[in-house]
1. Looking at B:330, B:319, which is the one that is surrounded by fewer than 19 Cβ atoms within 10 Å (Cβ to Cβ) and not basic (Lys, Arg)?
2. Mind listing just one residue for me: the one in the stretch C:1-12 that is of a type outside the set (D, E, K, R) and out of contact with any helix residue (DSSP H, G or I) (no Cβ under 9 Å at 6 or more places or on another chain) and, of those, farthest from the other protein chains (Cβ to nearest Cβ)?
3. Out of the residues in the stretch B:181-199 that are of a type outside the set (A, V, I, L, M, F, W, C), modelled with pLDDT of 95 or more and open to solvent by 10 Å² or more (accessible area, probe 1.4 Å), which is nearest to residue B:67 (Cα to Cα)?
4. Out of the residues in the stretch B:663-705 meeting the condition of being in a loop (DSSP other than H, G, I, E, B) and in contact with a strand residue (DSSP E or B) (Cβ under 8 Å, 6 or more places away or on another chain), tell me which one is surrounded by the most Cβ atoms within 10 Å (Cβ to Cβ).
5. Of the residues in the stretch B:723-741, how many are of a type in the set (Gly, Ala, Ser), open to solvent by 40 Å² or more (accessible area, probe 1.4 Å), out of contact with any Asp or Glu (no Cβ under 9 Å at 6 or more places or on another chain) and touching a residue at least 12 places away in the same chain (Cβ under 8 Å)?
6. Which condition breaks for residue A:10 when tested against (1) away from chain B (no Cβ under 13 Å); (2) over 27 Å from residue A:152 (Cβ atoms)?
7. With respect to the numbered conditions (1) over 25 Å from residue A:233 (Cα atoms); (2) more than 10 Å from every other protein chain (Cβ to nearest Cβ); (3) in contact with an Asp or Glu (Cβ under 6 Å, 6 or more places away or on another chain), which one is the sole condition not fulfilled by residue A:65?
8. Would you be able to tell me the number of residues in the stretch B:684-736 that are under 18 Å from residue B:416 (Cα atoms) and at pLDDT below 95?
Amino acid sequence: MAPLMKVAVIQFPGSNCDTDCQAALLSFPGVDAEIVWHKETSLAGYDAVVLPGGFSYGDYLRCGSIARFSPIMGAVRAAADAGVLVLGICNGFQILCEAGLLPGTLLRNNGLLFRCEHLHLRVENSETPFTSVLHKGQVLDIPIAHGEGNYFADPETLAQIEANGQVLVRYCDASGNVTPEANPNGSLGNIAGICSHGRNVFGLMPHPERVCDPLLGGSEGRGIFQSMIEAVQKSKS
Amino acid sequence: MSNPAITPELIAKHGLSPEEYEKVLSILGREPSFEELGVFSVMWSEHCSYKNSRPELRKFPTTGPSVLVKAGEENAGVIDIGDGWAVAFKIESHNHPSAVEPFQGAATGVGGIIRDIFTMGARPVFLMDSLRFGSIEGDSEQAKTNRRLFAGVVAGIAHYGNCIGLPTIAGEVYFDESYSGNPLVNAFCLGILRHDQIARGAAEGIGNPVFYVGAETGRDGLAGAAFASRELTEESKADRPAVQVGDPFREKLLLEACLELLATDAVAGIQDMGAAGLTCSTCETASRGGTGVEIDIQLVPQRAKGQTPYEVLLSESQERMLVIVKKGREDVVKRIFEKWDLPYAEIGKVTDDGMMRVRNGNDVVVNIPARSLADDGPLYSREAAPFTPPAPLDLSSLPQADPTTALPQLLAHPSIASKRWVWRQYDHMVRTGTAVLPGSDAAVFIVREANKILAAATDCNAIYCKLDPSVGARIAVAECARNLACSGAVPIGVTDNLNFGNPHKPENFYQLRAAVEGISEGCRAFGVPVTGGNVSLYNESPAGAIDPTPTISMVGTIADAAHITTQAFKEAGDQVYLIGEIGNELGASHYLLAIHGRKEGAPPALDFDKEIAIHNALLGVIRKGFVRSAHDCSEGGLGVAIAESCFGNSLGASIDLGATDQRPDVVLFNETQGRIVISIKASDAATLEKELSVTGVPFCKIGEVTANAELSIKTGTNSCSWSVTSLNEIFEGSIPKFMES
Amino acid sequence: MKAVVTVMPKPAILDPAGVATGRAMEHLGLKGVRSVRIGKSIEIEVDGADEKQLHEIAHDLLSNPVVEDYKLEIIS
């Protein structure tokens, strides 16, 4: 029987969260998730692509700056252009920005220290293939772990993404208020994740794959993956 | 360029005594070459040979039905955890390099211990660390230095662990004057493997090729080595870095490549290059295999020009492994190391003559029997000074501090205060296995692929060890086991990091001997083997030696996820019980040190039978599903333990410790051992009491959890109360306050 | 006064970032890359400081003398 969703989890030299993403995806019945080495050049047959977290190329020079030239990125770009779902988590988000598949860039946390902790995100737009099972205003408990998560875009770009509803999740407090205190890294507009104009590319700094199991800190990350499954099913019917 | 002549000064500068040099002459039957002098010097150094401590270390219990690889056999011990799965774990220090360059010293310490684990064929899954510094309070030059060292070490561990993708899930940090100038950085790593994946570091198979894989060799670590064949001018000093720089990205690639390589059948033996780099790995693999190894320095990948054989042999460049490959399977190494973009080179072969032989092209520069370097080095029995146990604390000499102010002061002491500032810098969730995050008694990690639940803790109260090393060491083992019990785990093995001063001083050597004997007694009592560990000596400055610090790390298993227990009170209305005695031993306590500035008295007594009975009683009621939280009493006694239990969920507690003629400060802050604070649902009270009565351990109900965030504790006729919110602010705010100013 | 302080890893010190970047250059088609070393350039504009003070700052604050060297250039 064909899987509900076949996902390629890209493994770059230095990716750390590849097997974590794969395990989270495999916890959904009917989902097939494979690790794909960065030197491959084709993503034919995959319904979705995940660029996982980690320290590709050690984060040397700039985070994601070397991975964006990996051979697989040609296929990732082609997939994005063809409307395939592309999800970039943490380092994956950084790589998508370096590759120009998402606007803006991630700078060093304004507190200058690496931060690993649970925090809250508010869903800003539920009309995307990544957030469809969630509702606008919903508060999710999802952890971060990064030293360079400070989202920046120039004022014109920022205005555009806000106006186009491309901001999908923002850092907030437990009650859903978007405040400076709830912002762990100085991101403009408390932006934690954005999508492309076409809606099929989504990058976020927090790690939904770390909250897909109640034994390991909660299940609030499952909504993003569930939305993807439904979007893929819809596109096939 | 010719080598310097071997003179008595040169021999002395290489750290060899005249007697040791005589031994070299008799082993070789001739004078050593300059390179051979360097090889003996480094292999017979304390750091590599444990010549001052090995006779003592033989006292550790190292065998048992679950031991698959025992201490001393390989780079790390391996313990069976059932269903064909096993764990390899070890702790190691990098104290002296961290004092010089805290970031790289700590980073390379983490890198080294990780290599020790994957060289066994295990996939590393988590890290812990035990750190000690001088006081970070105030504006003295020393305090500023201590803050810089603390920040640098934590940043270094974070940098390496985060980049390589391993979660640091537990640890301890202590601040005490005795560590000023001598910080301690002990790093622990645990890896998981199947029984049939155990890899050994022996040069097996005559004629098998020897491969070097990993980063290129540079002059790292050679600043300390006083010599090369050139004179040390100002220019050449610049060529010798004082520190090794770690490259965690390289090590991530090396880890993945080595595990991939080990999954093929191409490997006969594998060994990491740690202390004494290429020299150590070459002679140790030969010694273990009962064979010889011959290598050619000119084939070694190098990143600096014009390195002499001496320099290449003694370099401590990081992220390198030695692999003995089965003849005919060289192509497997090529394929895998080219995939991962790592340097590799065939540099020699396994021989049958038992020699470590190093060529420089056609010239033989080293030809030494391998066993004499690795196993048959010098051993010394040092003198231990006679020890007088400390006099018990004279309570009448101690003014009573008001608990209302003493408790917040204790919670503010950086050794007790929240370490969130530290562990928030570590990615403690990567590998999606951390079931209990830092901040509870023990960390709990679920190994998905093996369907096994592990727990781990690391402990050492050095004040106890300073005042009575034998008791302190026994308590370190007991405290680890108690922390594991509080998480629902049963201990399976111990690794130790012995940090002491100069062993030539009899009072220091007594501490080492007594600590080893205490640890051995503890391990035998708990039925757990010591799987390996590390010794770090000469931790002293002109001001004196560090407090003896035998750090213990203990690993346990939890049979069922339902047993996983954490330390925070869960709900108002829950009943609070104390398993163990109320206690009254204030000697060597943190209350005495932090409030009264006194480090004296006898440490609390430890009775292993009583301790084990209490742990078993706790595990019994945890398994029956009654226990909603469990937290053991340690520094700061009941007062601190109960306050900490309130913090996690911002709850309060109303506690009555019963009628007593003891002083309130004695009741609240004594550090009597074998005590655990638990909370249960009110409806389970009767059943819990029945279950605990059967075990025969002392216990009593002490109060209940309340919704208003207020903590009140009654002792005898005395009553104190505190706002939990304020106590928590002090607890959480202490270290950030000192570090962010 | 305008000055630029350039901080580089000491020559014998391993520069992991430089190594990784060098390999990436090779993968992008640049042949024969022998060495890449990455440092920082710190641009300072300050009133009334003298060169000796800037050297002290460069040595004590802007660089880590254990692993880095610095060069101070006064622009104006």
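The values are calculated or read from the model by the stated rules, or taken from the named source; none is laboratory data. The shown structure was predicted, so the numbers you read here are calculated from the model rather than taken from an experiment. Quick reminder, even Gly has a Cβ in these numbers, built from the backbone with ideal geometry, and neighbours come from all protein chains shown. Accessible surface areas use protein heavy atoms only, side chains included; no ligands, DNA or RNA. Shrake-Rupley method; radii C 1.70, N 1.55, O 1.52, S 1.80 Å.
1. On the way: B:319 fails: surrounded by fewer than 19 Cβ atoms within 10 Å (Cβ to Cβ).
Selected residue: B:330, the only one of B:330, B:319 that is surrounded by fewer than 19 Cβ atoms within 10 Å (Cβ to Cβ) and not basic (Lys, Arg).
2. My answer is C:4.
3. Of all residues in the stretch B:181-199, those of a type outside the set (A, V, I, L, M, F, W, C) come to B:181-183, B:186, B:191, B:194-197.
Pick out the ones that are also modelled with pLDDT of 95 or more and you get B:183, B:186, B:191, B:194-197.
From what's left, open to solvent by 10 Å² or more (accessible area, probe 1.4 Å): B:194-197.
Numbers: B:194: 14, B:195: 11, B:196: 14, B:197: 15 Å.
My answer is B:195.
4. Taking the stretch B:663-705 first, the residues in a loop (DSSP other than H, G, I, E, B) are B:663, B:670-675, B:681, B:696-698.
Still in the running and in contact with a strand residue (DSSP E or B) (Cβ under 8 Å, 6 or more places away or on another chain): B:675, B:681, B:697-698.
On the way: B:675: 26, B:681: 16, B:697: 20, B:698: 17.
Selected residue: B:675.
5. At the first step, the residues of the stretch B:723-741 found to be of a type in the set (Gly, Ala, Ser) are B:723, B:726, B:733-734, B:741.
Now drop any that are not open to solvent by 40 Å² or more (accessible area, probe 1.4 Å), which leaves B:723, B:726, B:741.
Next cut, out of contact with any Asp or Glu (no Cβ under 9 Å at 6 or more places or on another chain) only: B:726, B:741.
When the remaining residues are screened for being touching a residue at least 12 places away in the same chain (Cβ under 8 Å), the result is B:726.
Number satisfying all stated conditions: 1.
6. Here residue A:10 meets the rest and fails (2).
7. Just one mismatch for residue A:65, condition (2).
8. Adding up the residues that qualify gives 0.
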